[in-house]
Amino acid sequence: MSLGSPPAGPPSEDPAVQAVESAWDKGIVVTVAAGNDGPGNGTISSPGDSPRVITVGAADDRRTVPQEDDVVASFSSRGPTNEGVTKPDVTAPGVGIISLRAPGSFLDKVVKNARVGDAYFRLSGTSMATPIVAGTAAQLLQKDPAMTPDEVKAALMNNAFDLRDDPRAQGRGEVRVGALL
């Protein structure tokens, strides 16, 4: 889910959190953007403040292949949540990501300089990092369809590349697709 809003109360009373946790309980892996309100602590968006789902922060890969020079993007929201839970869980590249353009959309009209040719758009945000983690989770499930959401989350977190930053900024680190597959 590449969306979020400021938490309006405890996650247990938040309809968006209730929805993602209901999906999780039904065996659906849910990845949620952490938000773009960093670098201050305590800025995780809802429903990313759910302690159960996979909350994704953004990393800046500095346009290089090795992860050794990657850092947490300055805009990436940081934990802890209002309930003291360390979030995000992991990060993924989220700076200058080229994706499909939706001609005529609000963003297409407002951010014309982000267009890359006729069919693509370059954007930054945790909303751009989240699909990378969702795709990695999908590949894990393709490899082992019996994995539960909790097992997918644990695999992503336990195999993350440590960006040498505060866990409230990086979670366990940056997803390493190659290490998982």
Once phi for every residue in region 68-79 is put through the Karplus expression 6.51 cos²θ - 1.76 cosθ + 1.60 (θ = phi - 60°), the whole-Hz ³J(HN,Hα) values, with Gly and Pro written as x, are 4, 9, 6, 9, 5, 5, 4, 7, 5, 5, 10, x
Note to self: C-alpha centroids of region 136-164 and region 42-118 sit apart, in Å, by 19 Å
So, relative contact order of region 11-162 in percent, Cα under 8 Å, 6 or more apart, is 23 percent
In order over region 53-67: 3J(HN,Hα) from phi, Karplus 6.51/-1.76/1.60, θ = phi - 60°, whole Hz, x for each Gly or Pro, gives 6, 8, 9, 10, x, 9, 10, 9, 7, 6, 6, 10, 7, x, 7
Non-local residues with an amide H under 5 Å from the amide H of Thr55, with H modelled 1.01 Å from N and Pro and chain starts lacking one, are Val32, Asp89, Val90
Placing each pseudo-label 7 Å from Cα in the direction of the beta carbon, Leu181 and Gln142 end up separated by a distance in nanometres of 0.6 nm
Ordering 131-138, 152-159, 109-116 by per-residue average of other C-beta atoms within 10 angstrom, highest first, gives 131-138, 152-159, 109-116
For region 11-162, percent of DSSP beta bridges that are antiparallel (nearest 5) comes out at 55 percent
Once Lys and Arg are counted +1 and Asp and Glu -1 for all other residues with Cβ under 13 Å from that of Glu174, the total becomes -4
With Cα springs under 10 Å, the Gaussian network model of the chain assigns the largest mean-square fluctuation among Pro80, Pro103, Pro11 to Pro103
Treating only Lys and Arg (+1) and Asp and Glu (-1) as charged, each at its beta carbon, one finds that region 11-162 has a dipole about its Cα centre, in Debye to the nearest 20, of 660 debye
Per the charge dipole of the chain (beta-carbon charges, Lys/Arg positive, Asp/Glu negative, Cα centre), the residue among Leu107, Pro149, Pro51 reaching farthest to the positive end is Leu107
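Can you give the convex hull volume of the alpha carbon atoms of the chain per residue, in Å³?
So the per-residue Cα hull volume is 123 Å³.
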Excluding residues fewer than 8 positions from Lys143 in its own chain, the lysines with Cα under 23 Å of it are Lys26, Lys153
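Since every read-out is calculated from the coordinates, none of them should be taken as a lab result. The model shown is predicted, which means the values in this text are computed figures rather than measured ones. Cβ coordinates were reconstructed from backbone atoms using ideal geometry, including for glycine residues, and neighbour counts include every protein chain displayed.
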